[in-house]
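Report on the following structure.
The values are calculated or read from the model by the stated rules, or taken from the named source; none is laboratory data. In this text the structure is predicted, and so the values were computed from the model without any measurement. Cβ placement follows ideal geometry from the backbone for every residue including glycine, while neighbour counts extend to all protein chains displayed. These area figures cover heavy atoms from the full protein model, side chains too; ligands, DNA and RNA do not enter into them. Shrake-Rupley method; radii C 1.70, N 1.55, O 1.52, S 1.80 Å.
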Amino acid sequence: MMKEVIVIGGGVIGLCSAYYLVKAGHKVTVIDQSSMDGGASFVNAGYLTPSHIIPLAAPGAVKQGIKWMFNASSPFYIKPRLDKSLFEWAWAFNKSCTKENVNKSIPVIKDINLLSARLFSEIKQEEGFNFHLKNNGLLVLCQSEKMLEEEIHIARIAAAEGLEVKEISKSNIPNIEIGAKVEAVGAVHYACDWHSTPHEFMNDLQSWLKAEGVQIFKNEQITTLEASQD
Ligand SMILES: Cc1cc2nc3c(=O)[nH]c(=O)nc-3n(C[C@H](O)[C@H](O)[C@H](O)COP(=O)(O)OP(=O)(O)OC[C@H]3O[C@@H](n4cnc5c(N)ncnc54)[C@H](O)[C@@H]3O)c2cc1C
């Protein structure tokens, strides 16, 4: 049965949800508080990385998170503040940072990432989108022994999950990145990884949704939601 659906948020998750809802025959409206051209979904690095499958909620994450709280440009920044809900969330997050949860999550994250890369490829082919998408892998160059050790730990987990991963010695790096001058003590090549150009994908998707009759409202913020029995 056809339903009228409102998607709040026009990032990659919102627009992909809208895409599959339209495909399933529903009437969709997207509402976003921004101008939908510069958020995380438009400007991210575009890596589709089945290789990086250790969840954020891992032992040591809270300790690292506290350090990152004092650096606004850290990769996972939470503004330090006295807030009861933040403490409650941090408490629950900390409780799930166990080795057991990490081991349970890894194969699931791997499957989601592989599915995600496959769906990008399917959407591109099916709709004739022009966005850049290549599965030519990811080369991680490490500039210190400590970084290399951490990356090799990640690489061995990915390899144990059956992903195509190679540890590269310093002398072999020029054979992979031909002609490039690199300063690294070693590297890991994740042949299983993909790369896309996010703003191209998001623009292709917006154009497709509009052509399919989806209304997209920009610069409109949803401030409350009311549930009713109807
Ligand atoms: C610098 C950087 C690099 C990254 N690199 C990668 C990468 O290489 N690979 C990768 O997989 N991921 C990467 N990520 C993560 C990735 O960008 C995000 O996981 C992804 O964009 C999240 O998409 P989203 O749709 O959930 O959220 P968003 O893109 O944040 O979209 C949410 C949307 O909801 C809207 N919104 C929020 N509240 C309301 C409201 N009340 N009313 C209306 N609208 C609302 C916002 O305006 C926003 O447009 C990177 C992120 C950053 C910041």
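So which of K27, K79 is surrounded by 10 or more Cβ atoms within 10 Å (Cβ to Cβ) and either more than 15 Å from the ligand (Cβ to nearest atom) or farther than 22 Å from W194 by Cα (or both)? Full working, then the answer.
Numbers: K79 fails: surrounded by 10 or more Cβ atoms within 10 Å (Cβ to Cβ).
Result of the check over K27, K79: K27.
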Which numbered condition in (1) open to solvent by 50 Å² or more (accessible area, probe 1.4 Å); (2) under 25 Å from the mean Cα position of the chain (by Cα) is the only one that I176 fails? (2)
Under 8 Å between Cβ atoms, which residue pairs at least 6 apart in sequence (or on different chains) link something in segment 86-107 that is of a type in the set (A, V, I, L, M, F, W, C) with a partner that is surrounded by 11 or more Cβ atoms within 10 Å (Cβ to Cβ) and part of a helix (DSSP H, G or I)? A90/V62; A90/G65; F93/A61; F93/V62; C97/A61; C97/V62; I106/I157
Which listed residue, of K134, K146, K170, K166, is basic (K, R) and in contact (Cβ under 8 Å) with a residue 60 or more places away in the chain: K134
Failed criterion for A40 (all others in (1) within 16 Å of the ligand (Cβ to nearest atom); (2) within 30 Å of F217 (Cβ to Cβ); (3) not assigned by TED's automatic domain parsing to the domain that holds E220 hold): (3)
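Tell me, yes or no, whether segment 163-170 has at least one residue that is open to solvent by 100 Å² or more (accessible area, probe 1.4 Å), touching a Cys at 6+ places or on another chain (Cβ under 9 Å) and outside the structural domain of V30 (by TED's automatic domain parsing). So that I can check it myself, show each step before the final result.
Narrowing segment 163-170 to residues open to solvent by 100 Å² or more (accessible area, probe 1.4 Å): 164, 166, 170.
Checking which are touching a Cys at 6+ places or on another chain (Cβ under 9 Å) leaves us with 164.
Filter again for outside the structural domain of V30 (by TED's automatic domain parsing), leaving 164.
Yes, that holds for at least one residue.
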Being touching a strand residue (DSSP E or B) at 6+ places or on another chain (Cβ under 6 Å) and among the small types (G, A, S) is the filter; apply it to segment 43-70 and report the residue that is farthest from the ligand (Cβ to nearest atom). S51
Given the conditions (1) open to solvent by 90 Å² or more (accessible area, probe 1.4 Å); (2) in the same structural domain as I8 (by TED's automatic domain parsing); (3) not hydroxyl-bearing (S, T, Y), every one holds for G213 apart from (1)
